[in-house]
């Protein structure tokens, strides 16, 4: 245990929580299950937001904002939706407090009771489709391609920072289309946006797939998902995109007049990723010394630690580096020059390692004489002495290498921990060591539930690229046409 | 009444609401007092957010995120704070719904009652200072310069889109400092950030001032504000910045060890602007034909309307303009080329006028032959024929002129509607026609309240630049040292 961080082999779960706290990413608040996202953590989330938002806009979407509150009756309008969300939601019943008669503080004013209770949104399909009803009359009003960045609340009983919290931040896209084909294409397009974002920004290889009916979003016809593997071999669902069919259009009576002059219900999709991605990012790449951040999401990409005994030495170092810092910044690279005197260089090295800064540049008076500097990369911990001349080029190339390397390492891990399993004995054994199990399944919910009960493994997805392959269900022995992915999951 | 918009002279208030709806900015939702911000309105808010966020970061602030919910008891910890917010807040009392026994839908599950009720944040001082307690031990931990973008809820009984809604979007800065001086300097700095933003982005001249004790934020020692004048002569508070003294530090026991090794309470500020700014933007500049947007906040800065009879003509126009569109975009100017065939050019002209697009460029086959195009500016409605060659330069210059002109026009209006008033008779007369009244006041809350009761005018602020001037209170005749600004307000 170093820096107050439990090691991954000792207790992976504790390691994660220690890291979230020690690296100043988030902490629990006084309100059960709600987190405070600290500035360093939030700055990573902001980078994710910006990148995703750009991708949404490139694919023709616009942002809007819908109310936080949902009338209780709205939730009931889509039958499976209410089943999915009613059991864990925050309910607003009153709109005023008043002073307690005994002077002990404030109490809820019983006279300020709402006529109809409001639910704090757990997701916004209902409130959005009730709005779309007024926006859509004709095929000319379609498609609606709208996204919202918002907070949502699900009253989870067991919470864990970023991975499962009562309140979390997310984006939710809600689109409306004239045809089923168009809506399906939209849901698939957004899944691909998420998958590319996970791979290119989070350096996180993901499996694209669809959920089984059991694991579908409450109200969807089809739920597409991306699944990632964490370092303990467990799966983490990193994003979902739902084809809603006409379910919400029917629930909220959203019809349109088609080119053929006939009335029909609108076809819908919804898709979202959340601050859960922060958990995925941390768990996929980091180590016992701290965070390992892919350069594209690192708030500080390069930290420069000058090593000096006096102001004269510091000034000489700064004078030499000033144009280099400018050069780096002009390339869009974020640089921190840490000349604070509160702490020694060794302490700083450890601190920036903890925070996952991809490249550290150390430079002292002797380096200056030699015209060299030491670059250390966070991912492999390799150090190299390089000429100061041209160091901006070196750093830029290094950042790209690191981004690629982190992805490749995670991909290799995922591949090495994905197993084809053909017998139930093998399944039971393999699931204990973690990883993705590719196994045949008879496509029944009963089997899926029995496997879950026996092993805590769920079907993460039916991969989109799963080849047709005759086989027999690993549990029931019944015939099966393709392998699906089983794993224990966060 | 044109385009379904009431004229300003007929009914200013209806004009505003018509405009908000017709220009697709926002609408009321099914939840009382909560609005839907529609994509076009939200894209303006996004531009405001981006500009403000940049300014916050330039002045050393970072973003974070704190919980939506506040334990009821937290609100009571600062005495005047609870007085200010308890009377209009959304109270969460339960965390689950269940099926009604009679099958009529869902009801609140009485067994899922929270031990302590939660308030949906009306502002976050309490939850943030309860967090800061754990973040601050020594002067080395200070200052904390943190901002949050969030939704807040205040259960207002009378709501109006953007200006006063139960839920609204805002940013709230919360800073903690080692000295009173530093906190005051921070509060003043952020007021200036808001004032500059209002002037340079919203093209909205503002008066910088401080509130009277009556109008102070609940829990503040001093409330700084910017006040703007709408076209009906009423005032709109466009932003506030509060010096909190040690009030919240004492309420939540946030102490730090100073350089002198003594324990002291931390000094605080908070500051915020909200989607109310959208209301200010609309009401300050727009006219009976629609929105007038300052170019810096216009989602579309230039619309190009080609006038064509067939594809050949359209293609010829597009071929000529393509490099110009590219050029404009490379200058960061947002351009829309509207070649849709659903609507005629005249309809498009009216529609973009309604939406406040600053510059419209119309071009037909004959223009192409002549090498000219027609530019129309939204603010003055002036049109000019200009050469196509070099039109990107012309447009860029025009956008700058429009930004300046809108500001100058609003400034002139503000100046022409600001009056020095020295007698009560004059005050009563002038307040009816609207505008800012500069009058002497005896600095008592009693007088302030009596004037409000008699005329509905409140003291908007004591201007920061108000010169010392001996005088007598316009109402009580008692001595006064400076004039303050009275007005009716939104």
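The values are calculated or read from the model by the stated rules, or taken from the named source; none is laboratory data. Here the structure is a predicted model, which is why all the values come from computation and not from measurement. Cβ placement follows ideal geometry from the backbone for every residue including glycine, while neighbour counts extend to all protein chains displayed.
For the stretch B:99-131, which positions are surrounded by fewer than 23 Cβ atoms within 10 Å (Cβ to Cβ), more than 7 Å from chain A (Cβ to nearest Cβ) and not in a loop (DSSP other than H, G, I, E, B)? Within the stretch B:99-131, B:99, B:107, B:113, B:114, B:115, B:116 qualify.
In this structure, residue A:53 does not satisfy being modelled with pLDDT of 95 or more, more than 8 Å from chain B (Cβ to nearest Cβ) and either closer than 30 Å to residue B:119 by Cα or buried (at least 18 other Cβ atoms within 10 Å of the Cβ) (or both). Scanning the stretch A:331-346 for residues that are more than 24 Å from residue A:42 (Cα to Cα) and within 35 Å of the chain's Cα centre (by Cα) gives A:339, A:343, A:345, A:346. Across the stretch A:68-80, what is the total count of residues that are within 30 Å of residue B:64 (Cβ to Cβ) and in contact with a helix residue (DSSP H, G or I) (Cβ under 6 Å, 6 or more places away or on another chain)? Residues in the stretch A:68-80 being within 30 Å of residue B:64 (Cβ to Cβ) and in contact with a helix residue (DSSP H, G or I) (Cβ under 6 Å, 6 or more places away or on another chain): 1 in total.
When residue B:468 is tested against the conditions (1) at pLDDT 95 or above; (2) over 17 Å from residue B:206 (Cβ atoms), the lone failure is (1). The residue list A:319, A:327 contains one member that is at pLDDT 95 or above, closer than 27 Å to residue A:407 by Cβ and over 32 Å from the mean Cα position of the chain (by Cα), which is A:327. Just one residue in the set A:203, A:185, A:228, A:195 is out of contact with any helix residue (DSSP H, G or I) (no Cβ under 8 Å at 6 or more places or on another chain), within 30 Å of residue A:402 (Cα to Cα) and at pLDDT 95 or above; that residue is A:195.
State whether the residues of the stretch B:400-416 include one that is surrounded by 15 or more Cβ atoms within 10 Å (Cβ to Cβ), modelled with pLDDT of 95 or more, touching a helix residue (DSSP H, G or I) at 6+ places or on another chain (Cβ under 7 Å) and within 15 Å of residue B:489 (Cα to Cα). No, because not a single residue in the stretch B:400-416 is surrounded by 15 or more Cβ atoms within 10 Å (Cβ to Cβ), modelled with pLDDT of 95 or more, touching a helix residue (DSSP H, G or I) at 6+ places or on another chain (Cβ under 7 Å) and within 15 Å of residue B:489 (Cα to Cα).
When you check residue A:254 against the structure, is it in contact with a helix residue (DSSP H, G or I) (Cβ under 6 Å, 6 or more places away or on another chain), modelled with pLDDT of 95 or more and over 30 Å from residue A:136 (Cβ atoms), yes or no? So residue A:254 fails the test. Looking across the stretch B:32-50, the residues that are in contact (Cβ under 8 Å) with a residue 60 or more places away in the chain and within 10 Å of another protein chain (Cβ to nearest Cβ) come down to B:32, B:33, B:34, B:35, B:37, B:40, B:41, B:43, B:45. Within the stretch B:16-41, the set of residues being within 23 Å of residue A:167 (Cα to Cα) and at pLDDT 95 or above comprises B:29, B:34, B:35, B:36, B:37. For the stretch B:446-482, a tally of residues being loosely packed, with under 12 Cβ neighbours inside 10 Å and within 21 Å of residue B:222 (Cα to Cα) returns 4. Would it be correct to say that residue B:140 is in contact with a helix residue (DSSP H, G or I) (Cβ under 7 Å, 6 or more places away or on another chain), surrounded by fewer than 24 Cβ atoms within 10 Å (Cβ to Cβ) and within 11 Å of chain A (Cβ to nearest Cβ)? Spelling it out, it is not the case that residue B:140 is in contact with a helix residue (DSSP H, G or I) (Cβ under 7 Å, 6 or more places away or on another chain), surrounded by fewer than 24 Cβ atoms within 10 Å (Cβ to Cβ) and within 11 Å of chain A (Cβ to nearest Cβ).
In the stretch A:264-287, which residues are under 24 Å from residue A:76 (Cα atoms), in contact (Cβ under 8 Å) with a residue 40 or more places away in the chain, assigned to a strand (DSSP E or B) and touching a helix residue (DSSP H, G or I) at 6+ places or on another chain (Cβ under 8 Å)? Hits for the stretch A:264-287 are A:267, A:268, A:269, A:270, A:271. Counting only strands (runs of 3 or more DSSP E) that sit wholly inside the stretch A:150-263, those with at least 2 residues that are free of Cβ contacts under 8 Å to residues at least 40 places away in the same chain are A:222-229. Identify all residues within the stretch A:355-379 that are outside any strand (DSSP E or B) and surrounded by fewer than 21 Cβ atoms within 10 Å (Cβ to Cβ); write none if there are none. Within the stretch A:355-379, A:355, A:365, A:366, A:367, A:368, A:369, A:370, A:371 meet the criteria.
Scanning the stretch B:56-83 for residues that are at pLDDT 90 or above, at the interface with chain A (Cβ under 7 Å from one of its Cβ atoms) and more than 16 Å from residue B:153 (Cβ to Cβ) yields B:62, B:63, B:64, B:65, B:73. Evaluating residue A:297 against the criteria (1) in contact with a strand residue (DSSP E or B) (Cβ under 8 Å, 6 or more places away or on another chain); (2) crowded, with 16+ Cβ neighbours inside 10 Å leaves one unmet condition, (1).
Only one residue in B:138, B:124 is in contact with a strand residue (DSSP E or B) (Cβ under 8 Å, 6 or more places away or on another chain) and over 23 Å from residue A:96 (Cβ atoms), so which one is that?
Exactly one of B:138, B:124 is in contact with a strand residue (DSSP E or B) (Cβ under 8 Å, 6 or more places away or on another chain) and over 23 Å from residue A:96 (Cβ atoms), namely B:138.
Among the numbered conditions (1) out of contact with any helix residue (DSSP H, G or I) (no Cβ under 7 Å at 6 or more places or on another chain); (2) at negative phi; (3) touching a residue at least 24 places away in the same chain (Cβ under 8 Å), the only one that residue A:129 does not meet is (1). Among residues of the stretch A:408-436 that are under 19 Å from residue A:236 (Cβ atoms), those with a beta-carbon under 8 Å from a residue that is part of a helix (DSSP H, G or I) at least six positions away or on a different chain give the pairs A:409/A:285; A:410/A:284; A:410/A:285; A:419/A:430; A:431/A:455; A:436/A:414.
The number of residues in the stretch B:161-182 that are under 14 Å from the mean Cα position of the chain (by Cα) and more than 9 Å from chain A (Cβ to nearest Cβ) comes to 9.
Look at residue B:333 and say whether it is in contact with a strand residue (DSSP E or B) (Cβ under 8 Å, 6 or more places away or on another chain), more than 23 Å from residue B:308 (Cβ to Cβ) and not in a helix (DSSP H, G or I). Lay out the reasoning, then the answer.
Numbers: in contact with a strand residue (DSSP E or B) (Cβ under 8 Å, 6 or more places away or on another chain): yes; more than 23 Å from residue B:308 (Cβ to Cβ): yes; not in a helix (DSSP H, G or I): yes.
Against the criterion (in contact with a strand residue (DSSP E or B) (Cβ under 8 Å, 6 or more places away or on another chain), more than 23 Å from residue B:308 (Cβ to Cβ) and not in a helix (DSSP H, G or I)), residue B:333 qualifies.
Among the residues of the stretch A:343-354, which ones are in contact with a helix residue (DSSP H, G or I) (Cβ under 8 Å, 6 or more places away or on another chain) and surrounded by fewer than 19 Cβ atoms within 10 Å (Cβ to Cβ)? Correct list: A:343 only. Inside the stretch B:84-94, can you point out the residues that are out of contact with any helix residue (DSSP H, G or I) (no Cβ under 8 Å at 6 or more places or on another chain), part of a helix (DSSP H, G or I) and at the interface with another protein chain (Cβ under 9 Å from one of its Cβ atoms)? Listed by number, the residues that qualify are B:87, B:88.
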